[in-house]
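The structure appears below as structure tokens.
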Amino acid sequence: MTEPAASSVPPSSVPPSSVPPSSVAPTRAPRSAVASPGVPRSGVRPAKGWAAVAAVSLAIFCLITSELLPVGLLTSVGADLRVSDGTAGLMVTVPGLVAGFCAPLVTVGAARLDRRQVLCALIGLMAAANLAAALAPGFAVVLAARLLVGISVGGFWAIAGGLAVRLVPAHRVGRATALIFGGVPTASVLGVPAGTLLGELGGWRTAFAAVGALGALTLAALLLLLPALPPATPVTFAELPALLRTDAGVRTGVTVTFLVVTGQFAAYTFVRPLLRDVSGVDTGLVSTLLLGYGLAGVAGNFLAGPRDPRRTLLTVSATLTVVLALTAVLPGPVAGTGLLMLWGLAYGGVSVSLQGWMLRAAPRAAEAASALMVAMFNFAIAAGALAGGLAVDRVSVPAAPLTGAALMLLAALTVTVHLRRGPNPNPNPGPGPGAEEGERMDGADRTRGLTGAAPDGQSPLKNDHLSRTSETPQMPIPVRSPLTPPAPGAGQAPAARRRRA
């Protein structure tokens, strides 16, 4: 039931039913308290909001580039610091595992801090860590710096994933989320190859120093463009398992994250030997084909952004089931190249769709849900590489994509069961990327619309043409059965009823 609107008119001894509407002074909310239709909830104007989104996307690009940079520098780092290639590989493994643990830890530990301050501190930590790695006298210092990179990646991704709803108008959330997560495939396409090239030209220390400098520039952009973002509801450690236990949407989203990402990295970790041994692609062409894979991933990210995240993940997982299975058994460079491009296009929509799933499943606990997803995402990367390695060692190279295909099939079945049970089990589903215009108000806003409460002094009303409902007090409407005779004086003018009384 909707509560009566607040009014500044003092209580009167005259019964409410006898007060003519014209005698009540209208109560109008202050101009600053009424939200404009095109202004997001943080009060940021659209142009400034999009600039902030671009800065966050640049930060994601910088972080993912930093996380994956050692992939192209393992040999040179190992030779210079006198460690084996396997030991040098810890520069990739350690940040992934640390990011998985730190996604919930940072979200909870910094729950009462302004999100702008937290994001700036994390990107600054990443910049300092890369500069420290560039100056490291030994491998132990490099590994310690990589640990700090893992903290930055996990914490930043968990918090930044749900920022779009606070920076842009509601009907642009899908595109803004796609832009933020566009930094992930772009880092694979541009960031890592550029870092590898710098390592070949000037040494691995130059590559780490360049990423550190880019991080410092990104910090300046965040300080300049990101508005103040006070925390909404502080996240607690108890809330994380409770969210998994009580919210079927979040629980299913975390499960799908594990299946899809584990399946992806079980296959993709061994994409080079797969293209060489099964597809018969010349070794010199593999890097070029992987560049095309990355470009297809960028396109897939932006294609998936504005669409329903659950149905997109169903399409993606079903497509990858077929693609990975065919990649394992279909020989020939032409077939291998075509399947690789389709693989990149399909997987490019995974990150933004998983984030959209979480925003819909838990609109009033977006940061907690994002932290769970990011933690599982990073753990699944390590699990996928391990599963693929076991399959290759114990069976053969084609066993890796077949393992990935089996996990993708399980993901598709999981999403199908979830959709049949009901895509929105929560009473107040949030917008999420891809929601229709009528669904754009998230669960918290719908609750405020029913109770009349709104944070930061803002009106819960979202449209100007509805604002007149707050100008007069709402009177209870009597309910009368058709068989009940009308009350005396019903249908008469107010003045006539007073004379009759």
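The values are calculated or read from the model by the stated rules, or taken from the named source; none is laboratory data. Bear in mind the structure is a predicted one, so any value in this text is a computation, not a measurement. FYI the Cβ positions are ideal-geometry reconstructions off the backbone, even for glycines, and counts take in every protein chain you see. Surface areas here come from the heavy atoms of the whole protein model, side chains and all, with no ligands, DNA or RNA. Shrake-Rupley method; radii C 1.70, N 1.55, O 1.52, S 1.80 Å.
Looking only at residues in the stretch 153-167 that are touching a Ser or Thr at 6+ places or on another chain (Cβ under 8 Å), of a type in the set (Gly, Ala, Ser) and outside any loop (DSSP other than H, G, I, E, B), the one that is nearest to Gly96 (Cα to Cα) is Gly155.
If we scan the stretch 118-131, do we find a residue that is in a loop (DSSP other than H, G, I, E, B) and of a type in the set (A, V, I, L, M)?
For the stretch 118-131, residues in a loop (DSSP other than H, G, I, E, B) and of a type in the set (A, V, I, L, M): absent.
Beta carbons closer than 6 Å, at least 6 apart along the sequence or on distinct chains, pair a first residue in the stretch 229-257 that is over 17 Å from Leu313 (Cα atoms) with a second that is open to solvent by 50 Å² or more (accessible area, probe 1.4 Å) and part of a helix (DSSP H, G or I) for Leu229/Arg116; Leu244/Arg251. Could you say whether any residue in the stretch 73-82 is within 17 Å of Ala158 (Cβ to Cβ) and either in contact with a Ser or Thr (Cβ under 8 Å, 6 or more places away or on another chain) or not polar (S, T, N, Q) (or both)? No, the conditions are met nowhere in the stretch 73-82.
Let's see how each residue does on (1) surrounded by 15 or more Cβ atoms within 10 Å (Cβ to Cβ); (2) of a type in the set (A, V, I, L, M):
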site: Leu217; (1), (2): no, yes
site: Ala221; (1), (2): yes, yes
site: Leu243; (1), (2): yes, yes
site: Thr257; (1), (2): yes, no
site: Gly263; (1), (2): yes, no
site: Leu275; (1), (2): yes, yes
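Restricting attention to the stretch 168-187 and to residues that are touching a Pro at 6+ places or on another chain (Cβ under 9 Å) and outside any helix (DSSP H, G or I), the residue that is surrounded by the most Cβ atoms within 10 Å (Cβ to Cβ) turns out to be Val168.
Hey, does the stretch 133-152 have a residue that's within 17 Å of Ala213 (Cβ to Cβ), in contact (Cβ under 8 Å) with a residue 60 or more places away in the chain and among the hydroxyl-bearing types (Ser, Thr, Tyr)? Checked against the condition, which is being within 17 Å of Ala213 (Cβ to Cβ), in contact (Cβ under 8 Å) with a residue 60 or more places away in the chain and among the hydroxyl-bearing types (Ser, Thr, Tyr), the stretch 133-152 yields at least one hit.
Listed by first and then second residue, the pairs linking a residue in the stretch 270-286 that is farther than 15 Å from Leu339 by Cβ and at pLDDT 85 or above to a residue that is in a helix (DSSP H, G or I) and not aliphatic (A, V, I, L, M), with Cβ atoms under 9 Å apart and 6 or more places separating them unless they lie on different chains, are Asp282/Arg276; Asp282/Pro333.
Residues being in contact with a helix residue (DSSP H, G or I) (Cβ under 8 Å, 6 or more places away or on another chain) and surrounded by fewer than 23 Cβ atoms within 10 Å (Cβ to Cβ): count how many of those fall in the stretch 201-211.
Total meeting the criteria: 5.
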